[in-house]
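The values are calculated or read from the model by the stated rules, or taken from the named source; none is laboratory data. Keep in mind it's a predicted model, so treat the numbers as computed, not measured. When we count neighbours, we look across all protein chains shown, and the Cβ atoms used for this are built from the backbone with ideal geometry, even at glycine. Side chains included, ligands, DNA and RNA excluded: accessible areas come from the protein's heavy atoms. Shrake-Rupley method; radii C 1.70, N 1.55, O 1.52, S 1.80 Å.
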Amino acid sequence: MNPTTDLPDDAALPGIVAMRALGVSRALGLARALLALGLEDAPVAMNLVGYSPGSRATLEVRVGQRRLAVKAYAEDPTPEAVLYQALAAAGLSGDSGVRVPPLLAWDRDLRVLVIGWLEGPPAYDLVKQGQGQRAGELAAQWLRCAASLPVRLGPPLGAARMLNRAREWVSLLREADRTLGDAATRLAASLAQVQPREDTPRLVHGTFYARHVLDLGDGPGVIDWQRFGQGPLELDAGMFLATVWRLGLDHEALAGEATCALRALLEGTRDVLDERALAWHQAAALLRLASKVYVVKRRKTDWLARAHAQLAEAARLAEEARPAESVKRAKPRVFKLRALELVLQALSTRPATPEELDQIRKLLEEAD
C-alpha cells in the first residue's frame, strides 16, 4: 500500500492527513487492536470505498484475511463511538443474529473509528436480485429489535425536524426547476397539516437506506450510524421504503420486488409501526431524496421526470397520512316520513294532483 497516493489529499480529515504521512497502522495506532485479533504481523492492504470531500472517508483495510473499516471524519466521532459501545453492551456486536459492527479502535484527536467489517449483501442488492421479500423482512427484523433497545443516545429526530429541514429541500428543488419547487411547496404544506403525533422516541439510524441494511444470513446487520438519534421508528422505516420505491422507479422491472419489500416490512411490523405515521415519514423521505436533484442532474438525463415522480408519490402518501374524518351518522328523517304518511292518508279519498305526486316522489327520495 502506498500511503501517499492511495488516499485523498484532504486537510479537513486529520486522520487521512496522518495516514498519508505515516501509513494506516502507524497513524491509527492499530497495534493493540491487531494484537487482540492475532494479526499484528499480517500484511496490510487498503481500499478507499467511500469519500465525501471535506466531510468523511471510509477505507476497507485488509489485515491478512481479516477486513476492517476505517472511518475518518472532519467532525468529532465520539458520539458514534459511544453508540457502538452502548450497542455492544446491548448484545448487538456478536457473531450472530441482529448486529452492528463492533468498535475495535478509536482516536478522538484524529477523528477516526476502526470497526469490524460485516459481510453480506445490502438489501438494495437483494431487491435487484429478485429478493424483495427478504429485504423487507430484514428491515422489519431490525425495527422490531430497535423497538426494545434501551439505548437513549443521540439528538432528537422526528417529524418536527423533518418539517424544519423541508424548507431547505423545497429551496433546492425550486433552484433546479420552478415546477419542482411548486410541487414541493404544496407537498410540504400538506405534510405540515398532517404531522403525526410522536410520544415515545426510540433509537433511530437517521439514514436507514436500503444499502445500509445487510443480509448476514442469520439476521440483519446495520452499518453507517453517523446520523443516529432519538425519534419514531417510522422515520427509519419510511426512509427504507422510500429508497426501495425509488429503486423500482429507476428500474421498472424491479417495481414488483419493491412492492414485495414494502409488504414484508408492513407484515413484520404491524404491532410496532403506525401505518399513517409511516406513510407520513415515507413521504417526507421522498421529498428529502428528491431534493438531491442537484447531484442527480449530472448523472441522469430524466432527472426532472424522476423528481416529479418522487414528489407525486410523496403527495399520495401524504393523503394516506391524513386521519380518517369522523363520519357523522345521519339523523333519521322522522319528520319526512311523517309528512309522507299524512299526504298518503289525505289521498286515500281522492286522486293526487301532479303537484302532490311530485311532492310524494321527493319525500320518498329523501327518506330512502
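Miscellaneous remarks
- A Förster distance of 30 Å, applied to the separation of the beta-carbon atoms of Arg211 and Asp76, puts the FRET efficiency at 0.75.
- At R0 = 30 Å, FRET efficiency that the Cβ-Cβ distance of Arg144 and Glu252 yields, to 0.05: 0.45
- Around the amide H of Val213, modelled in the peptide plane, lie the amide H atoms of Ala123, Tyr124, all under 5 Å away and 5 or more residues distant in sequence or on another chain.
- Residue by residue, the stretch 71-85 carries 3J(HN,Hα) couplings of 10, 9, 10, 7, 9, 5, x, 3, x, 5, 4, 5, 4, 4, 5 Hz when phi is fed to the Karplus relation 6.51 cos²θ - 1.76 cosθ + 1.60 (θ = phi - 60°); x denotes Gly or Pro.
- Amide H within-cut-off set for Arg202, under 5 Å, with H built and near neighbours excluded: Gly231, Leu233
- Gained length - Leu153 relative to Val44, 0.36 nm times residue gap less alpha-carbon distance: 35.8 nm
- Distance between modelled label sites at Arg316 and Tyr294, nm, 7 Å Cα→Cβ extension: 2.9
- Spin-label proximity, Arg178 to the stretch 281-309 - amide N less than 18 Å from point 7 Å beyond Cα toward beta carbon: 304-305, 308
- Since only Pro122, Trp142, Ala183 are under comparison, the one whose Cα sits farthest along the positive direction of the charge dipole of the stretch 110-183, derived from C-beta charges on Lys, Arg, Asp and Glu, is Trp142.
- Our estimate of slack between Val272 and Thr200, defined as 0.36 nm per intervening residue step minus the Cα-Cα distance, is 24.7 nm.
- The accessible surface of the stretch 67-198, taken with every protein chain in place and a 1.4 Å probe, is 47 percent carbon and sulfur.
- For the stretch 53-200: accessible area per residue (Å², 1.4 Å): 47
- Stretchable slack from Ala192 to Arg161, in nm (0.36 nm times residue separation minus alpha-carbon distance): 10.0 nm
- Of the Cα atoms belonging to the stretch 229-287, the radius of gyration and Dmax stand at 11.4, 36 Å.
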